[in-house]
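Student: The structure's right below; bear with me while I get my questions together.
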Amino acid sequence: MNARTENLMLGLDDLVAEVAHARRHETLGRLALLCYCELKPWARHAEEERLAQLAWALSTRGVPESRKLFLQRIDVVIQELEEVCRRSARTEAADLLLAARSH
């Protein structure tokens with residue numbers, strides 16, 4: 001594994017931990033900040049364009065009408081992050097995200 005790939009995977013692990021924690025505790029502001037400031041740039045750098053687009057769309061859409069609607073939108077982003085983890089052989093990370101969404 002080259003240094004770039006290793007750094008991307010370490011970044012992915014950090015993001016997963018932060019996103020899972022924020023989702024479990026339904027910390028909406030933290031989830032929004034993570035999507036725009038950390039998840040989107042990571043996804044672009046990792047060439048995960050679908051994830052980058054979903055994170056960007058979440059950040060640029062109007063304010064959700066309810067907490068429930070925001071969580072539904074964030075769960076779509078988290079599902080894509082789960083898929084990225086599975087493709088990257090980070091199954092434990094994907095399972096952590098799934099558990100956070102199911103909480």
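Student: Expressed in nm to one decimal, what extension gain is obtained for the pair Arg61 and Glu18 from 0.36 nm per residue of sequence separation less their Cα-Cα distance? Write out the running numbers ahead of the final one.
Tutor: On the way: separation 43, 0.36 × 43 = 15.48 nm, distance 2.23 nm.
Fully extending the segment from Arg61 to Glu18 adds 13.2 nm.
Student: Would you kindly compute the Cα radius of gyration of the chain and its largest Cα-Cα separation (Dmax), both in Å?
Tutor: For the chain, the Cα radius of gyration and maximum Cα-Cα distance read 12.8, 44 Å.
Student: Let me ask something else about it. Quick one: putting +1 on the C-beta of Lys and Arg, -1 on the C-beta of Asp and Glu, what dipole do you get for the stretch 1-59 around its Cα centre, in Debye to the nearest 20? Please list the in-between numbers first.
Tutor: Values: 7 positive and 9 negative charges, 37 e Å.
Roughly 180 debye, rounded to the nearest 20.
Student: Could you give the accessible area per residue of the stretch 2-52, probe 1.4 Å, as a whole number in Å²?
Tutor: Working: 2730 Å² over 51 residues.
Solvent-accessible surface per residue comes out at 54 Å².
Student: To continue, here is another question. Modelling each spin label as a point 7 Å along the Cα-to-Cβ direction, I'd like the His103/Thr91 distance in nm, to one decimal.
Tutor: 2.4
Student: What is the angle, in °, between the Cα long axis of helix 49-60 and the longest principal axis of the Cα atoms in the chain? Nearest 10 is fine, range 0 to 90.
Tutor: 30
Student: If you fit an axis through the alpha-carbon atoms of helix 3-24 and take the longest principal axis of the Cα set of the chain, what angle between them do you get, 0 to 90°, nearest 10?
Tutor: 30
Student: Let me ask something additional. Quick check: at a probe of 1.4 Å, how many percent of the accessible area of the chain sits on carbon and sulfur atoms?
Tutor: Details: 3080 of 5920 Å².
Carbon and sulfur: 52 percent of the exposed surface of the chain.
Student: How far, in degrees from 0 to 90, does helix 91-102 lean away from the longest principal axis of the Cα atoms of the chain, to the nearest 10?
Tutor: Compared with the principal axis, the helix lies near 0 degrees.
Student: Continuing with this model, one more query. Each residue of the stretch 81-88 in order: what ³J(HN,Hα) in whole Hz does its phi give by Karplus 6.51 cos²θ - 1.76 cosθ + 1.60, θ = phi - 60°, with x for Gly and Pro?
Tutor: Going residue by residue, I get 4, 4, 4, 4, 4, 5, 5, 9 Hz, with x marking Gly and Pro.
Student: Next question, about the same structure. Given the rule -39500 (n - 2.57) for each run of at least 4 DSSP H residues, summed and divided by the residues of the chain, what is its mean residue ellipticity at 222 nm, to the nearest 500 deg cm²/dmol?
Tutor: Numbers: 6 runs with 79 residues, N = 103.
That calculation yields -24500 deg cm²/dmol at 222 nm.
Student: Gln79 to Arg4: FRET efficiency via 1/(1 + (r/R0)^6), r the Cβ-Cβ distance, R0 30 Å, to the nearest 0.05?
Tutor: Working: r = 26 Å, r/R0 = 0.86.
Calculated value: 0.70.
Student: Then there is this: Could I have the simple spin-label model distance between His25 and Leu69, label points 7 Å from Cα toward Cβ, reported in nm to one decimal?
Tutor: 2.7
The values are calculated or read from the model by the stated rules, or taken from the named source; none is laboratory data. On a predicted model such as this, the values are computed, not experimentally measured, just so you know. Neighbour counts run over all protein chains shown; Cβ positions are idealised from the backbone, glycine included. These area figures cover heavy atoms from the full protein model, side chains too; ligands, DNA and RNA do not enter into them. Shrake-Rupley method; radii C 1.70, N 1.55, O 1.52, S 1.80 Å.
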